[in-house]
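Working notes, structure below.
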Amino acid sequence: MTESFTRQEMMAIATGREIRDGELAIFGVGLSMLAGYFAKEHHGPNIRAMTEGGVYGSTPVGGLPWGIECNRISSNATSFTSALDALGFLVASGRCDVGIIGAAQVDKFGNVNTTGVWDGDIGDHYRTPKTRLTGAGGANDIACGAGRVVIMVTHEPKRFAERVTYVSSPGYLEGGDARSRYGFVGGGPSAIVTTLGILRPHPDTKEFQLDGWYSFSSVEEIRANTGWDLKVADHAAVIPEPTAAELAALRKVDVTGALRKH
Amino acid sequence: MTESFTRQEMMAIATGREIRDGELAIFGVGLSMLAGYFAKEHHGPNIRAMTEGGVYGSTPVGGLPWGIECNRISSNATSFTSALDALGFLVASGRCDVGIIGAAQVDKFGNVNTTGVWDGDIGDHYRTPKTRLTGAGGANDIACGAGRVVIMVTHEPKRFAERVTYVSSPGYLEGGDARSRYGFVGGGPSAIVTTLGILRPHPDTKEFQLDGWYSFSSVEEIRANTGWDLKVADHAAVIPEPTAAELAALRKVDVTGALRKH
Amino acid sequence: MSQSKLITLAEAVRRTTWDGMQYASGAALPVGSDAIAFGRELLRQGRRDLHAIFHCNTQQLNLLAAAGVVSKAECGFSGLEVFGFANGLRRAVESGQLALEDWSNLAIPLRLLGGALNWPFVPATVNIGSDIQDRSAFAPDQYPAQGKIPTVTDPFTGRQIGAFSPLKPDVAAIHVSLADPLGNSIILGTEWSRFELSRAAKRVVVIADAIVDTDCMRQFPNLVRIPDILVEAVVYWPFAAWPQGSPGLYDIDEDHMRLMNKALGTVEGTESYVRDFVTPYTDVDSYLDMIGRDTVKRLSQGSTSFLLDPYRRWIKSPDEVAQLLNSNEAS
Amino acid sequence: MSQSKLITLAEAVRRTTWDGMQYASGAALPVGSDAIAFGRELLRQGRRDLHAIFHCNTQQLNLLAAAGVVSKAECGFSGLEVFGFANGLRRAVESGQLALEDWSNLAIPLRLLGGALNWPFVPATVNIGSDIQDRSAFAPDQYPAQGKIPTVTDPFTGRQIGAFSPLKPDVAAIHVSLADPLGNSIILGTEWSRFELSRAAKRVVVIADAIVDTDCMRQFPNLVRIPDILVEAVVYWPFAAWPQGSPGLYDIDEDHMRLMNKALGTVEGTESYVRDFVTPYTDVDSYLDMIGRDTVKRLSQGSTSFLLDPYRRWIKSPDEVAQLLNSNEAS
């Protein structure tokens, strides 16, 4: 019986397991950065981590950075360049192997909405959202250009929709080979890692299906918290709990305990 | 009777007179740079001089620079950037007021050839030149983007052709409003300053005609050294000799006496 | 004989801004560099109906939007990163008072690049295929929004991609770490899109946390990413990005970030924020008093302050800067 | 745990180059920065049939062309500035042995920018309307050369402009002033197009005049325009651009510039130049002996040497670099 851990910690570790040693990886702020630096700490010493600010060679100091440009990630950098460099030359170009992005709403084809909440569909025009969210940021560029994308999201029914109200960052659009219409160099989302489990796209339809659940969750709980009729992959199984080494590595990175608060 | 001066010096001073105080100006190496820095020294203290290397705020030290990137123009610079910045953001954008370029061959519409010498026309294909010259360099970008261009060239029949063999840098192409076909933001060549006089384009036809001769040259000598039937502007007149102040300023810039050698 | 371009913040805003202008701020980073002091002065001088071009939302846009002086905005990101949603901007958008056009964080620098190069359009391989391309707050009735990111055909392959519209803001206020009196500027930390913005904008004002002698620029010319020839005015304003951070100079003021964003969530809160933190000060000294000298001191001792060490010997004292300002007005 | 990428020049050329490759050198400045030492080693190892992409001709391209190992070249400028025409390149072009495709000095960085962004094409508002657009040495029978700079239609106005083909060289050898063992690199003097090239090339080798500790990069991260993540190998080679100059490190060797260009004007001269200045040395020490220790000393005392002062304390001695090299081979 391993020591106790939070659902947020499980999600961060499961996300970190998706990043391989030596990869060029771009992280956002918050959970995404914790998951990424956990991977670097635990199993990927040669992961080449970058932020969309063009901050290279640095590790966070003095707590979780407030942003991709925060002084907390600027005190031991070996290079500062620009957004055009990081998001353009390294991400939109197809050079970056993997990116981690978040989502306010995600759908069965891995499309992400971070722009707003509307009452019902937007319709055939632009319409002011009931609740305005943060917009796409660099996630759209990562979704178009990165070799693969890992979407990290809290598993709640309102966040898992048959179809997102607004596509801020493209997943597989209407599924199948719909992405090819736009010639994106990036491969699209390879996993949706949540607080309850991991979803992966079907190789042909690109519909996300349940790939695994955690020791503390279940197929039933996950399906009940998913806004579409979630299919379960034949090979779906329980996901290994964090090892003591994984928890130690994550908590070394999460110095302020941001992931243990809930 | 002013003190003696060379034809090269007269050409450099006449070229420098074309640059106004406060202008953003791009100079090449050699004669072009001497003419430009003469203007800055003599009548344009606020001329914002730059080279296509993205070298800003500097003045040559220790003699005529060997190139736009030479240490002789890099020892007191306030900013070093790049070719994309200098030739793109500042010149091709239309932001630069005036540029000075040289020519191996120039024609009646101010088109410039710096690419090669062929036996006869090239024909409807590419053909290896008999004598390969230096190519366009930044002059093509200046010819397309700078507000106006001053062409500096030694006045010899072989250099003044009815039509250049190869258009390395566009002047008025076939004349008239031919430039408008390409939507160039730059205005085209405003003067051809030579070792014998100054030619300027006719406002409508854009054909270059004689605008002035030097105290030591004449309409006859200039026409005899021009490869097309050179028209003479009604207002054409003798160009004032260098003043003592102009010669002093030029020679202060031309520390190595490059312009007094011939 | 280049002239000093040092003028006061009030004078810079008087000279270079007007109602209805397209206003860009640099770096427009949500918790980092931004010319926030310039935005406070825009409010003090009652500028309105602004078309804001901000690579990302910042506390400046959050404030200007909350105060109701922004009618249009274009952003790649409209939050405050870990500090959450931008309550002032959010309120202005949700009330329909401000039309916010969405782009991505790469789209903005690419559009500035196109403006700097005077291109008619910029190739777009991102933002296409999403609602960023199909929906436009500036042309709400068009669906799909044909004019926002139209398609262009690659002449080499016949493949269709998108085309971004270039940006050439009327005025850019760009926050830099160090500037000399001529306008040569050094940035510490990510440039974000300040390099492209300084070339795309029609008029550029630099807002510097510190003023250095030009000898500093001659020692580090490769650090001078904004040469004087691009700059119309130089403003000395320490803590110009406060409450956001400036690498090498000061850290984020976390308490004020929260206080400010909370206040901007309501009309009343915004009024009291303006009363307490926008109108009171009369100069740099009273501005720093308003922040609080202890806070100024504490924030100045961050983990990045070593980044400023190579340049400290050239930094001019407030008195020296004041003298330069006076001699300027005299001339 | 980033690993040192320091290897010998011979090893770098062995590992990263092959006959027929698209080879780009940086900065490819005619009298300034260029990875000339890399080109000498290409010759020593008998590489041939190269497709050279040089922003401008340099003494390196002049030498490789004179030696007959370049079959195709693309340049914006093909002379040696005040040192005149490049006799070796000229001879290869005039004899028809080398096909030289002409561009302008802005076209090359724009094409590298397009390669770095993985765009299918780059908008062209220069080079159009001239024979640079209409004539192609790579497609000599086409007139006008439709495929070189085809037209593209601006979807916003319907206006037609040109389209450049992006560049993604197989290998780029980039000369830098300072590099750390991981590949983080600092450039003193104009970047020319090294920033764009380092992002466009498929493989990047940096050739550094001096090796510094990574602490130098942490002190000046804004100067590190080529971060280690882009770099495959780091080569320590003082006077790597000789006989050309390197701001802060050494001036142009005027006598050798003339001697070299004169020699490359003939087959015999080229053979003797290769015999005397390409094949003799076996390591950095004998390379510097070949240049002449007095010359090395004199050229190192130029008017720009103060530009190196802020970084001298981090520069590693030849012995320290040798140790790093050995420990590398060991590991």
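The values are calculated or read from the model by the stated rules, or taken from the named source; none is laboratory data. Quick caveat, the model's predicted, so the values are computed rather than measured. Backbone-built Cβ (ideal geometry, glycine too); neighbour counts: all protein chains shown.
Overview of values
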{"item": "Count - residues of the range D:208-246 that are in a helix (DSSP H, G or I), of a type in the set (D, E, K, R) and in contact with a strand residue (DSSP E or B) (Cβ under 8 Å, 6 or more places away or on another chain)", "result": "1"}
{"item": "Leading residue by the ranking (surrounded by the fewest Cβ atoms within 10 Å (Cβ to Cβ)) among those in the range D:71-93 that are touching a His at 6+ places or on another chain (Cβ under 8 Å) and closer than 20 Å to D:V267 by Cβ", "result": "D:S71"}
{"item": "Subset of the range A:189-216 (residues that are more than 23 Å from A:V164 (Cβ to Cβ) and not aromatic (F, W, Y))", "result": "A:G212, A:S215"}
{"item": "Criterion (under 26 Å from D:D285 (Cα atoms) and among the basic types (K, R)) met by exactly one of D:R15, D:R48", "result": "D:R15"}
{"item": "Answer residue from the range B:103-135, given it is acidic (D, E) and part of a loop (DSSP other than H, G, I, E, B) and is surrounded by the most Cβ atoms within 10 Å (Cβ to Cβ) among those", "result": "B:D124"}
{"item": "C:A172 being farther than 18 Å from B:A86 by Cβ, among the hydrophobic types (A, V, I, L, M, F, W, C) and crowded, with 24+ Cβ neighbours inside 10 Å", "result": "yes"}
{"item": "In the range B:69-102, residue surrounded by the most Cβ atoms within 10 Å (Cβ to Cβ) [restricted to those that are at pLDDT below 95 and more than 7 Å from every other protein chain (Cβ to nearest Cβ)]", "result": "B:I73"}
{"item": "Filter result for the condition that a residue is at pLDDT 95 or above, under 19 Å from D:I291 (Cα atoms) and hydroxyl-bearing (S, T, Y), over D:S33, D:S71, D:S25", "result": "D:S33"}
{"item": "Lone unmet requirement of (1) more than 20 Å from the chain's Cα centre (by Cα); (2) in a loop (DSSP other than H, G, I, E, B); (3) at pLDDT 95 or above for C:G302", "result": "(3)"}
{"item": "Residue within the range D:74-94 that is farther than 20 Å from D:A28 by Cα and of a type in the set (S, T, N, Q) present", "result": "no"}
{"item": "Residue count, the range D:94-126 (criterion: small (G, A, S), buried (at least 21 other Cβ atoms within 10 Å of the Cβ) and in contact with a Lys or Arg (Cβ under 7 Å, 6 or more places away or on another chain))", "result": "2"}
{"item": "D:A28 being at positive phi and within 14 Å of chain B (Cβ to nearest Cβ)", "result": "yes"}
{"item": "Residue ranges of strands (runs of 3 or more DSSP E) in the range C:1-114 with at least 1 members of a type outside the set (F, W, Y) and closer than 30 Å to B:G22 by Cβ", "result": "C:22-26, C:50-56"}
{"item": "Residues that are surrounded by fewer than 21 Cβ atoms within 10 Å (Cβ to Cβ), of a type outside the set (G, A, S) and over 18 Å from A:N76 (Cβ atoms), drawn from the range A:19-53", "result": "A:R20, A:D21, A:E23, A:L24, A:H43"}
{"item": "Test: residue in the range A:149-156 that is among the hydrophobic types (A, V, I, L, M, F, W, C) and surrounded by fewer than 23 Cβ atoms within 10 Å (Cβ to Cβ)", "result": "yes"}
{"item": "Top-ranked residue in the range A:53-62 [being within 10 Å of chain C (Cβ to nearest Cβ) and modelled with pLDDT under 90; ranked as farthest from D:M217 (Cα to Cα)]", "result": "A:G62"}
{"item": "Qualifying position, being within 30 Å of A:S79 (Cβ to Cβ) and free of Cβ contacts under 8 Å to residues at least 12 places away in the same chain, among D:S272, D:S305, D:S286, D:S317", "result": "D:S317"}
{"item": "Pair list, Cβ under 7 Å, 6 or more apart: the range B:19-40 residue under 26 Å from C:E232 (Cα atoms), other residue of a type in the set (K, R) and crowded, with 23+ Cβ neighbours inside 10 Å", "result": "none"}
{"item": "When residues of the range D:1-51 are limited to those that are among the charged types (D, E, K, R) and touching a helix residue (DSSP H, G or I) at 6+ places or on another chain (Cβ under 6 Å), the one nearest to D:W192 (Cα to Cα)", "result": "D:D34"}
{"item": "Segments classed as strands (runs of 3 or more DSSP E), wholly inside the range B:151-262, with at least 3 members that are in contact (Cβ under 8 Å) with a residue 24 or more places away in the chain and over 20 Å from the mean Cα position of the chain (by Cα)", "result": "B:232-238"}
{"item": "Per-region count, the range D:247-280, residues away from chain B (no Cβ under 14 Å), buried (at least 17 other Cβ atoms within 10 Å of the Cβ) and outside any helix (DSSP H, G or I)", "result": "1"}
{"item": "The range D:155-184, residues that are in a loop (DSSP other than H, G, I, E, B), farther than 30 Å from A:S58 by Cα, within 11 Å of another protein chain (Cβ to nearest Cβ) and touching a residue at least 12 places away in the same chain (Cβ under 8 Å)", "result": "D:S165, D:P166"}
{"item": "Scope the range D:98-131; condition β-branched (V, I, T) and under 23 Å from the mean Cα position of the chain (by Cα); matching residues", "result": "D:I108, D:V122"}
{"item": "Top-ranked residue of the range D:289-302 - restricted to ones that are touching a residue at least 24 places away in the same chain (Cβ under 8 Å) and hydrophobic (A, V, I, L, M, F, W, C), ranked as surrounded by the fewest Cβ atoms within 10 Å (Cβ to Cβ)", "result": "D:V296"}
{"item": "Positions within the range B:136-150 being touching a helix residue (DSSP H, G or I) at 6+ places or on another chain (Cβ under 8 Å) and in a strand (DSSP E or B), in sequence order", "result": "B:V149, B:V150"}
{"item": "Of residues in the range B:1-58 being of a type in the set (A, V, I, L, M, F, W, C) and in a loop (DSSP other than H, G, I, E, B), the one farthest from B:T195 (Cα to Cα)", "result": "B:I47"}
{"item": "Residues that are under 23 Å from D:G20 (Cβ atoms) and within 8 Å of chain B (Cβ to nearest Cβ), drawn from the range D:95-111", "result": "D:G96, D:L100, D:D102, D:W103, D:I108"}
{"item": "Number of the condition not met by D:F77 [criteria: (1) more than 7 Å from chain B (Cβ to nearest Cβ); (2) farther than 30 Å from C:A163 by Cα; (3) in contact with a Ser or Thr (Cβ under 8 Å, 6 or more places away or on another chain)]", "result": "(1)"}
{"item": "Filtered residues of the range D:132-151 (kept if more than 14 Å from chain C (Cβ to nearest Cβ), part of a helix (DSSP H, G or I) and under 27 Å from the mean Cα position of the chain (by Cα))", "result": "D:I132"}
